[in-house]
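The values are calculated or read from the model by the stated rules, or taken from the named source; none is laboratory data. All values derive from a computational prediction rather than experimental measurement. Methodologically, a virtual Cβ is constructed for each residue, glycine included, from the backbone with ideal geometry; neighbour enumeration extends over all protein chains shown.
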Amino acid sequence: MSARGQFSSRIGFILAAAGSAVGLGNIWGFPTQVASNGGAAFVLVYIILAFCLAYPVLMAELTIGRATRSNMVDALGEVTGSKIGRATGVWGFVTVSLILSFYALVGGWMFAYMLESISELFGSKNLSEWLTGFSHTRNLLFCALFMGLTAAIVTGGVSDGIERWSKRLMPTLIAIIVLLIIYVSTLDGAMDGWKAYWVPDFSSVFNPDLLVSAMGQAFFSMSLGVGTMLVYGSYVSKEENLPSLGASVALVDIGVAVLAGLLIIPAMYVALNNGIQIFGENGELISEDSLIFTVLPTLFDSMGAVVGGIVAFAFFTLMVVASLTSSISMLEVPVAYVVESKGVMRKKAVWLLCIAIFCVSAIIVFNFNALFGLVIAATTKYSQPLLGLLLCIFTGWVWHRDKVLAELKEGNPEAENGLFWKIWPWYLRFVCPVIIVVMFYRSL
């Protein structure tokens, strides 16, 4: 069996874990939610809820992972001492694999649009139309390319693969966002976007639906419940102070989400200034796939062939990087299990799992209308919050309290006397499960 890896540095772990959390949802979902729900007031509510809901669950995953030094299946089996724990781990394994199967398709689309911006610069109209057209061939080809890149990174292991590339991809992602923010801010209409984003409207903050959507965004944006943070936690040094490490990950994730808003919302108002429709029939800002594949490409086209092509290339490169930082963490969850529990060599495990997940992606492609939305809803809307609920119950109620404290003391001998230990255990027991159940019920 392959030896377990370990993150070689604190910054390497923070960038890898934040990269897992920073995905397409931060860039295409969060900004439009902010602009549609009270601007800066929503940002404030989101930050509060991120630390009130997402951070405690993140800490549960990191603590279980580092204490057991295991994949999700074995870790939950050890913590609970039961088959229910192992079954939950298998459920997480399946859920994260299904999430990756549709995520790889979307990541592939980002690749296609990135290449389309280059083909536009060279005036290759037929190629551009094929790259942005919705065909089985294009979807399968770019899904395979995206999965291949993800596999190439994960085969390198923890320090030479995941950590090494996270240290490159995350600074690249932040640099591209900052450069695009600076450029978009110089365009007509951008100031209206800044106002929509930063001027607080506290009247809408106490809307129950807004609070539920902010809770959902906070919970899902940190990729909780499916074992990514648990597995990453298992590669963390025993000398690290886990609560401060988890807080750093949460802050980077929130920071990137806020930065994405500073790019997306002004860009949408620049598009509005150029006569492009940015509001749907219900009066809300267009978001998610319609925003990325319709509104913004139209804006890039209006900038002229050369400037629009360069900006489009930078933007879709950003989207590819955001997709990759998440996909490598998702793939690591099943890989860790197959390597450690089944004794398969890492390289073989990575490629076998990639092929299996690609086959699921192919089934989705050939049954797109029936399966794409269904798989997304089943995994992110239903499975993820229920897995998060079980992690709260296992850590708060089943795992022996002395063992939890002993693990926290590994990186901080004074943990027992700190504010974190006085609040977190009971909060994870009583508050988090109630919030997750309420959020889950409202989402139904």
Check off (1) closer than 30 Å to A349 by Cα; (2) of a type in the set (V, I, T); (3) in contact (Cβ under 8 Å) with a residue 24 or more places away in the chain for V43 and give me the number that stays unchecked.
(1)
Every listed condition ((1) closer than 30 Å to I265 by Cα; (2) out of contact with any helix residue (DSSP H, G or I) (no Cβ under 6 Å at 6 or more places or on another chain); (3) at pLDDT 95 or above) holds for A104 save (2)
Yes or no: L242 in contact with a Leu (Cβ under 9 Å, 6 or more places away or on another chain), at pLDDT 95 or above, closer than 14 Å to I64 by Cα and buried (at least 23 other Cβ atoms within 10 Å of the Cβ)?
yes
Is it the case that some residue within region 158-170 is without any contact (Cβ under 8 Å) to a residue 60 or more places away in the chain and either under 18 Å from the mean Cα position of the chain (by Cα) or under 26 Å from P297 (Cβ atoms) (or both)?
yes
Quick one: count up the residues across region 11-43 that are over 20 Å from the mean Cα position of the chain (by Cα) and at pLDDT 85 or above.
0
Return the residues of region 49-74 that are farther than 18 Å from W426 by Cα and β-branched (V, I, T); say none if nothing qualifies.
T68, V73
Filtering helices (runs of 4 or more DSSP H) wholly in region 1-104 for at least 3 residues that are over 30 Å from A144 (Cβ atoms), out of contact with any His (no Cβ under 8 Å at 6 or more places or on another chain) and aliphatic (A, V, I, L, M) gives 40-49, 55-68, 72-80
Taking the stated definitions as given, is S383 modelled with pLDDT under 95 and in contact with a helix residue (DSSP H, G or I) (Cβ under 8 Å, 6 or more places away or on another chain)?
yes
Pair list, Cβ < 7 Å and 6+ apart or interchain, from region 294-322 residues that are touching a residue at least 24 places away in the same chain (Cβ under 8 Å) and surrounded by 19 or more Cβ atoms within 10 Å (Cβ to Cβ) to residues that are not in a helix (DSSP H, G or I) and not β-branched (V, I, T):
L299/N274; V311/M303; A322/G23
Give, as residue ranges, the helices (runs of 4 or more DSSP H) completely inside region 379-434 that count at least 3 residues that are under 27 Å from A87 (Cβ atoms) and either of a type in the set (G, A, S) or free of Cβ contacts under 8 Å to residues at least 12 places away in the same chain (or both).
none
Restricting region 186-211 to residues that are small (G, A, S) and under 26 Å from the mean Cα position of the chain (by Cα), the one nearest to L272 (Cα to Cα) turns out to be G193
